[in-house]
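I have placed the structure first, in the form of structure tokens, so that the comments after it can refer back to it.
Just so it is clear, none of the values below were taken in a lab; they were calculated from the coordinates. Not measured: the values here are computed from a predicted model. Virtual Cβ from ideal backbone geometry, glycine too; neighbours counted across all protein chains shown.
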Amino acid sequence: MKKESYASINSEKLILKFGKDSFLWDDIQEVHLEGNRKLIITFLDGKMIRKKRFDLKWLQEKEDFIHNLKSYCTARNIPFHESEISFFSLFGLEMKSKDL
């Protein structure tokens, strides 16, 4: 039995949350990473622009994933931003993970 990864990348899409969320590269408008932990994807959903947030806390091989994500975004001219994680973002992630 093949174990599915929390996050993966292929030539067609970005897949997160063990396959529950996926984004076609053509629909991704922007990627923002805070503190190598909070990933925010801005994407086109029909005619609406939406954002989804993901906690990369449990992602194995996180540095490889981030490097590959940055490379895919650069190759497709998708803005990729990195910043330090703010206290409020960290607090929000902790509260969200306690709700799970």
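Okay, here's what the table says:
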{"read-out": "Tally, over the stretch 37-46, of residues that are touching a residue at least 40 places away in the same chain (Cβ under 8 Å) and surrounded by fewer than 17 Cβ atoms within 10 Å (Cβ to Cβ)", "value": "1"}
{"read-out": "Extreme residue, surrounded by the most Cβ atoms within 10 Å (Cβ to Cβ), among residues of the stretch 4-16 that are within 15 Å of LEU69 (Cα to Cα) and not aliphatic (A, V, I, L, M)", "value": "TYR6"}
{"read-out": "Residue ID - surrounded by the fewest Cβ atoms within 10 Å (Cβ to Cβ), chosen from residues in the stretch 59-78 that are touching a Ser or Thr at 6+ places or on another chain (Cβ under 9 Å) and in a loop (DSSP other than H, G, I, E, B)", "value": "GLN60"}
{"read-out": "Of residues in the stretch 27-36 being touching a residue at least 40 places away in the same chain (Cβ under 8 Å) and acidic (Asp, Glu), the one nearest to ARG76 (Cα to Cα)", "value": "GLU30"}
